[in-house]
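Here the structure comes first, spelled out in structure tokens, and everything after it is commentary.
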Amino acid sequence: MAEGVSKQTFIQMAANHSMKPSVFTPKGAETLQEVKNRATEFLNSIIYEIGHSHSNNCCSHTQNCNGSSSEIIEDFQSSEHEMCEEQKQQSQFATVLIVSHGGVIRQLLLYFVEDLESDLPCNRQLRFVSPNTGISKFKIFLNEETKLPEFVKCICLHSTEHLAKFQRSK
């Protein structure tokens, strides 16, 4: 993956080496597979930490409070055990914002499609880099045992709707 060069320059660099841009890696740069591995390891480490933090908080909350005078319990009028079960059933433990350049985001999308179960569209849109400031939003469901991603639900992909008000004002 080449940083600091335009798309046209990168295409020309690949052509100079008689290679297609999709398989060309400039000297000293990461391969696309290395980028995918790095991005995947980063994402999985965050998700793993969130998954374990959530399950530890749920269990420690159950062990420490014994259903006595917790305001949360009084507000929900449920026992500690019921509260923990409700937390486990919720699909959203945290909101995570990942900001990166399009090449890394593209590799994460390919990870979702190629290595996990997902409802992402398997079409050409995934092969392209997101437009500048494009927003993609997902719900990632964890495997109960491993606390790693198991299924990815796509909420939006490469959206630029947030730019519409700026485009209208021009």
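The values are calculated or read from the model by the stated rules, or taken from the named source; none is laboratory data. In this text, all values refer to a predicted model and were calculated from it rather than measured experimentally. As a convention, Cβ positions derive from the backbone with ideal geometry for all residues, glycine included, and neighbour counts pool all protein chains shown. Heads up: the accessible areas ignore ligands, DNA and RNA and are worked out on the full protein's heavy atoms, side chains in. Shrake-Rupley method; radii C 1.70, N 1.55, O 1.52, S 1.80 Å.
Could you list all residues from segment 17-34 that are farther than 18 Å from Leu109 by Cα and among the small types (Gly, Ala, Ser)?
Once the filter is applied, which keeps residues that are farther than 18 Å from Leu109 by Cα and among the small types (Gly, Ala, Ser), segment 17-34 yields Ser18, Gly28, Ala29.
Exactly one of these conditions fails for Ile73: (1) over 30 Å from Val35 (Cβ atoms); (2) modelled with pLDDT of 60 or more; (3) surrounded by 15 or more Cβ atoms within 10 Å (Cβ to Cβ). Give me its number.
It is condition (2) that Ile73 fails.
What is the residue count in segment 154-165 for residues that are closer than 23 Å to Tyr48 by Cα and either surrounded by 15 or more Cβ atoms within 10 Å (Cβ to Cβ) or among the hydroxyl-bearing types (Ser, Thr, Tyr) (or both)? If you could, list the steps in order and put the result at the bottom.
Residues of segment 154-165 that are closer than 23 Å to Tyr48 by Cα, as a first pass: 154-155.
Of the ones still in play, those that are also either surrounded by 15 or more Cβ atoms within 10 Å (Cβ to Cβ) or among the hydroxyl-bearing types (Ser, Thr, Tyr) (or both) are 154.
Number of matching residues: 1.
Go through (1) of a type in the set (A, V, I, L, M, F, W, C); (2) in a loop (DSSP other than H, G, I, E, B); (3) surrounded by 12 or more Cβ atoms within 10 Å (Cβ to Cβ) one by one and return the number of the condition Val23 breaks.
(3)
To keep it simple, each residue is scored yes or no on (1) open to solvent by 50 Å² or more (accessible area, probe 1.4 Å); (2) closer than 15 Å to Lys153 by Cβ; (3) at pLDDT 90 or above; (4) out of contact with any Gly (no Cβ under 7 Å at 6 or more places or on another chain).
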{"position": "Ser79", "(1), (2), (3), (4)": "yes, no, no, no"}
{"position": "Cys84", "(1), (2), (3), (4)": "no, no, no, yes"}
{"position": "Gln89", "(1), (2), (3), (4)": "yes, no, no, yes"}
{"position": "Gln92", "(1), (2), (3), (4)": "yes, yes, no, yes"}
{"position": "Leu97", "(1), (2), (3), (4)": "yes, no, no, yes"}
{"position": "Leu108", "(1), (2), (3), (4)": "no, yes, yes, yes"}
{"position": "Leu116", "(1), (2), (3), (4)": "no, yes, yes, yes"}
{"position": "Leu120", "(1), (2), (3), (4)": "no, yes, no, yes"}
{"position": "Asn123", "(1), (2), (3), (4)": "yes, no, no, yes"}
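If Cys65 meets every condition in (1) at pLDDT 85 or above; (2) open to solvent by less than 60 Å² (accessible area, probe 1.4 Å); (3) on the phi < 0 side of the Ramachandran plot apart from one, which number is that one?
Among (1) at pLDDT 85 or above; (2) open to solvent by less than 60 Å² (accessible area, probe 1.4 Å); (3) on the phi < 0 side of the Ramachandran plot, Cys65 violates only (1).
Given (1) exposed (fewer than 14 other Cβ atoms within 10 Å of the Cβ); (2) acidic (Asp, Glu); (3) in a loop (DSSP other than H, G, I, E, B), identify the lone condition not met by Glu34.
(3)
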